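Here is the structure we will look at.
Since every read-out is calculated from the coordinates, none of them should be taken as a lab result. These numbers were taken from a predicted model, which means no experiment stands behind them. Counting neighbours? That spans all protein chains shown, and the Cβs are built from the backbone with ideal geometry, glycine included.
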């Protein structure tokens, strides 16, 4: 049962409601697999995110994970000037979580996904350094559902939230237009591994083979995102990013979102083992023993239609 206080959490002001995707926007997302928003965050909120991220990099935590998941992205200063990825920042940093849990973000996701409820699935703090030729700055072509094989939903989506104007010179997120509608060919167990654990040339091959299988032209769209705006992309949309050729770091959060119907499923691999996601060692268990992807400690509700 929803309490009055909980219901009041999921309310938008008239100005916020005007920023929701309209029917044409929802249809665009359904066709293309991506969407650019209006200004969802005030400059002050974005600046708070940036400041909180600096505190996070300096070691400040509101809490820490009770155990370290097997595939945790957790950059630390000793890793040097590579591209930084840090998972679970919505759990470990309350100042970051306060901005990421803005109901408007969830309401936009709900409209695009056609869902009554949106929960956070994961959040990754990212810093792409302005280091010429840094190989970790190249993010090869992939789609997120490969890593979420233990999730039942195919409506999951990601909000990419830069902390500044973000264009091609910074290595912004680039999507392969309409690729979420492709049928997949050549899938193997390696697809469940993160792109950082895979060969970039092999991922280029996978993209080309899947485009050919679908008789599709690969149309790459760099997403130019002004400060306070964000992009959303479907969990089956191929995407990646190029080098940061600017004179400053590219800072952002990838906020991965799940619809309210998403749940854990057993996903068998060819060797008889099962795929796993980092949540599986953290979240509470359901009565039948499955990991609970609705555990509010790790997957809080971001939006619920009143």
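Could you tell me the relative contact order of the chain? Use alpha-carbon pairs under 8 Å, at least six residues apart, and round to a whole percent.
So the answer I get is 30 percent.
Using the Cβ-Cβ distance between residue 131 and residue 68 with R0 set to 41 Å, the FRET efficiency from 1/(1 + (r/R0)^6) comes to roughly 0.90. For residue 76 and residue 248, a Förster radius of 25 Å and the Cβ-Cβ distance give a FRET efficiency of 0.70, rounded to the nearest 0.05.
What does the extension gain come out to for residue 39 and residue 295, with contour length at 0.36 nm per residue minus their alpha carbon separation?
Full-extension gain reported as 89.2 nm.
On a per residue basis, the convex hull of the C-alpha atoms belonging to the stretch 235-306 measures out at 195 Å³.
Annotation: average projected area of the stretch 22-134 is 9.4 square nanometres, based on the convex hull of Cα atoms across all directions. Evaluated over the Cα positions of the stretch 143-294, the convex hull gives a direction-averaged projected area, one quarter of its surface, of 10.4 nm². If R0 is 41 Å, the Cβ-Cβ spacing of residue 58 and residue 13 corresponds to a FRET efficiency of close to 0.75.
Here the spin labels are modelled as points 7 Å beyond Cα on the Cα-Cβ line, and at residue 224 and residue 181 they lie 2.6 nm apart.
With no solvent and one point per C-alpha, what does the Debye sum give as log10 I(q)/I(0) for the stretch 75-229 at q = 0.10 Å⁻¹? Here log10 of I(q) over I(0) equals -0.42.
Secondary-structure-derived ellipticity at 222 nm for the chain, considering helices only, amounts to -6500 deg cm²/dmol, per-run term -39500 (n - 2.57) for DSSP H runs with n ≥ 4.
If the segment from residue 30 to residue 209 were pulled out straight at 0.36 nm per residue, it would be longer than the present Cα-Cα gap by 62.1 nm.
Once a ≥ b ≥ c are taken as the square roots of the eigenvalues of the Cα gyration tensor of the chain, is the result rounded (a/c under 1.5), prolate (a/b larger than b/c) or oblate (a/b not larger than b/c)?
Note, shape of the chain comes out rounded.
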